[in-house]
Every structure is written in C-alpha cells, then in structure tokens.
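So the structure is just underneath, and the comments pick up after that.
Nothing in this text is a laboratory measurement; each read-out follows from the coordinates by a stated rule. This is a predicted model, so every value here is computed, not measured. As a convention, Cβ positions derive from the backbone with ideal geometry for all residues, glycine included, and neighbour counts pool all protein chains shown.
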Amino acid sequence: MNFLHIIDPNAPMAMSQALLVALTGIAVVLLELALLTFIIQIISKAVRLFSGKKKAPEAVIPAPSGRMDPVLIGVDEPTAAVIMAVISSKSGIPLEKLAFRTIRILQEEEK
Amino acid sequence: MIFEIVKGIWASSGFAALGWQNAVMIVCSFVFLYLAIVKKFEPLLLVPIAFGILLANMPETGLMADPAGLMDPSQAVEGAHWYNDGVLRLIYAGVKSSIFPCLIFMGIGAMTDFGPLLANPISLILGAAAQLGIYVAFVIAVALGKVPAIGFTPAQAASIAIIGGADGPTAILVASKLAPELLGPIALAAYSYMALIPIIQPPIMKMLTTEKERKVEMKQLRTVSKTEKIIFPIAVFVIVSLLLPSAAPLIGFLMLGNLFKECGVTERLSETSQNALINIVTIMLGTTVGATAAGEQFLQLRTIAIVFLGLTAFCFSTAGGLLLGKLLYVITGGKINPLIGSAGVSAVPMAARVSQTVGRKYNSTNFLLMHAMGPNVAGVIGSAVAAGFLLLMFGD
C-alpha cells in the first residue's frame, strides 16, 4: 500500500497539501501512542489482577527523593543520580532509606 | 625516461586528482574527528562517520565505486561484477537495505528499560508530542523547496524532517529509502544535533516553563512486574504493526531486542545485541554513511538548508514535548513536571539527563531522571511511528 496515486514524492507540493500531511502525521503519532497508553494500562491492570498482591516487588523504579546530599568527587550529578537509583533498585531498599555520603571516582593509582 | 615515470606517478597520484570539494571535505572530516575525540560529541558514531568522509574524499581510491551498478544502474560498466564494487559501496548495501538501522534498533531495544514508561504510561503521549518538530520541519522544507537553488522534493523534505525525531538510525533509514542522495548531510546533522542536546534544549526549557513548574517534584514510580515487561514489547509490536505496517521493521527489531532483555531466557542474545552486534554494525553504518558525503554532493546550498531545518526540527520537538508537559501539569493539578516533556525527543539517555540537570538546578532535591526516562524511551517509539508514516506517504 502506498499513496503514490495521491502524492507524488518527487513533484512540487502545494503548501496546503504539505500542511495536511503534517497535521495527519502528528495526529497519527498522537493517536497511535495514545492507543498504546490505553492498552498498556489495560495490560498492567490485568497483570496486577491476576498476580494479586502476593508478589514482592521485582523491579522497583526509584525516584530519589533527594533527602541525601552526597559529596561528589569526579562524578557529575546525573551520573550520581543513576548510581543511587541503580543501588536502590538492585538492593530493593527505597532511596529515602539509603544514605549516600560520598560518590567518588577512583583515580588510576587507586585501582 | 625518468621524467616520464615521475610524471606518470604524479598523474596517477591522489594529489593530481584532488578537487577543491574533496579538499574541503577532508578538512571537514578533521573538524568532525576533533569534535568527536577532543570534545566527545557522540564519539562512537562521529569517529566512524568522520573517517568515512575522509575515506570517500580521497581521490582515485574507488572505495565507493559502483561499476556493477548495484546502487545506480546508470553507472554500470559492462562486464563488471558485484565484487568489483568498492569495499565501502558493498558494505553500504547494509544501509540501503535497512539491515544496519534495524540491527542497531535491536541493540537499542536490548539496552532499553521500558519500566519507567510502564510505570507512567502517560509518558507515551509526551513522546508523541515531541515529534512535533518533524512535521514543522517538513512544512518548512516543502516551502524551501520552492527556492530553485534548494528545490527539495516532498520525499527529500520528509527525509530531512525526520532529523527532528532525534534518532540516528531512524533518520538514516528514512533518508536511505526516500532521499539517498541526502543521506550524508542528514546523518551528520542528526548526530551533531543529538550531541548538542545539552546546549540546544535548556534555553527552550527555560523559555517555555515557569520557575514554579520547574520545581515540581514527582512522586515515586510504581513497581513494574516482570510479566508486564515481557508482554509490553510483544503488545507494542503487534499493535503498531497492525496500525502502521511501514513502521514494523524499526519497531519489530526494537521490541525483539527488548524481549531478549526482559524474557530472562535469552541472556546471551541480549548480551550480543547490546554489545558486540551493535558495535560491529555501528562501525559499518557510521563509516559508510560518512562515505556518502562526497564533496561534489555535499558542498551545496542544500546542506546549509538541511543544517537549518535540522535545528528547527529539534527546537520544535523540544517545544512540543514541553508544551504537552505543561498541559499535563495543569490537568494533573501540578503533579507532572513539564521538564520531562523535553526528554520525549528520543536521544536516549541524553535528553533525560538534560531534564534531570535543569530540574536539579531549580530544586536541588529534585530527581527527575527516572521520570524523564519514560518520555525518553517513548520518543524512540514515537519517532519510529513518525518514520513509518513518512515512509507510507512518500515511499514506493
């Protein structure tokens, strides 16, 4: 299926037609992803309904609350955020219960 | 006789055949190598791309020669076989056939955690809104097409516009299908702007949001089960492919890679997809895409127009995500920080890091990174859907 009978991809296009294509395009992306949003919500609800509340958290996605304020040495803030989020996720301990004092990159001689 | 030999050696050397366009492109390749190695601008891609430019612009090397007419039958030389083509031309078949972009998408899928997206599905809408720049750039490109020196066709305009998706493999796939003659400048613009996201986005974020909005702290994301993570790639592929089959190659490989990662029984495949395979393909893709930037095709007014349109597309995509973020901020009564909207431009994870950095600047206790990862990975899906739409409209 193609639209060659409506649009010639190699011939000059009228601005009105270009605007129409652009509006249709953004509408298609929005509608398709909105549909996916809806379907994901249904899947999530169905999965949670079937699995009940018996299961322990398998993949906690932490959103650090920021109560800790570690000293960063040789590490930028986004990297430090990732490190803290990963430690929280892997250990299963909520971030608000973890305290990070220092995050320091090892120097060559320290390795 | 000696004079004749020396004269012959000179005549057959690259110096004698070096045109000014090739010389300029060789200098450009040095600049890109500098940016990649010293400034660390997307080095994993910019180094092979820059070296590809260098390789393709060395005269008389025949690295991109096509005597067999594999890419352009009009260049075919009678009696030539496929193996007579230049080595880069042969590898380029992987770009032209979409094999490389799809394999890279598989690697990206194997590296991507869709957990934040599943925990907050509204992120998908932010990822969709951040494709706005694609369509704005398309309209401007069509308008610029009326300028005789530029003269973009609708298919070329669509290929340029996809730069706004901030997704290198998607841009390469669309350009290789719709406007292969523009592949070099489009790929370079896409990767250059992706590297410049930390410079491009913050002023737009500041301009379109209030200080109060930037300070919003979002609540912790919910737990996502393994089952949800396994069902997600299968469901997304089935739905997107049924609705828009032209998006199936990109979405299909993205979700296959993600299924390798999440299903728990294909660790070796996941490991290969996200490391060895993606690295091998990146080398071949980057080098051959760079090799399409031959001087005589690259040094045109059109290239400047592509650079301008690419920047426009990036800015409008960022604005699209932010504006929808603001709308969600209002609808949810201030529970969503609009800054995460700008991460919807794809470019994983750099755009999410920018949201985190800007958010922290205004509220030192704010950690938006995981929240921004949702729109960020949604942007990958959004740009693939947008690419599928453009291929459907302008492909044959």
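Listed by Cβ neighbour count within 10 Å, with the fewest neighbours leading, B:GLU262, B:GLU181 appear as B:GLU181, B:GLU262. Angle of helix B:183-195 to the longest C-alpha principal axis of chain B, folded into 0 to 90 degrees and rounded to 10: 40°.
Axis angle, to the nearest 10 degrees, between helix B:278-291 and the longest C-alpha principal axis of chain B: 50 degrees. Kirkwood analysis of the range A:1-55, using all unique Cα-Cα pairs, places the hydrodynamic radius at 14.6 Å. Expressed in Å, the radius of gyration and Dmax of the Cα atoms of the range B:188-325 are 19.9, 55.
Counting neighbouring Cβ atoms within 10 Å and putting the fewest first, the residues B:TYR83, B:TYR34, B:TYR135, B:TYR362 line up as B:TYR83, B:TYR34, B:TYR362, B:TYR135.
Dipole magnitude for the range B:96-394: computed about the Cα centre from +1 point charges on Lys and Arg Cβ and -1 point charges on Asp and Glu Cβ, it is near 640 debye.
Checking every one of the chymotrypsin sites (Phe, Trp or Tyr not before Pro) in the range A:1-52 against DSSP loop status and a limit of 14 other Cβ atoms within 10 Å picks out A:PHE3. Dividing the helix sum by the residues of chain B, where each DSSP H run of 4 or more adds -39500 (n - 2.57), gives a mean residue ellipticity at 222 nm of -21500 deg cm²/dmol. Between A:LEU31 and B:TRP10, what is the label-to-label distance in nm when each label sits 7 Å out along the Cα-to-Cβ direction? It is 6.9 nm. Kirkwood-type hydrodynamic radius, the range B:98-173: 14.2 Å, calculated from all non-identical alpha-carbon pairs.
Along the Cα-to-Cβ line of B:ALA65, 7 Å from the Cα, sits a label point; which residues in the range B:1-38 have backbone N less than 14 Å from it? Once the point is set 7 Å along Cα→Cβ of B:ALA65, B:12-14 turn out to lie under 14 Å by backbone N, inside the range B:1-38. Taking only the C-alpha atoms of the protein assembly as shown, the Rg (one decimal) and the largest Cα-Cα distance, Dmax (whole number), read 24.1, 92 Å.
When Rg and Dmax are taken over the Cα atoms of chain B, they come to 22.3, 89 Å. The order of A:SER16, B:SER225, B:SER346, going from fewest to most other C-beta atoms within 10 Å of their C-beta, is A:SER16, B:SER225, B:SER346.
Computed from Cα positions, the angle between helix B:87-96 and the longest principal axis of chain B comes to roughly 30 degrees.
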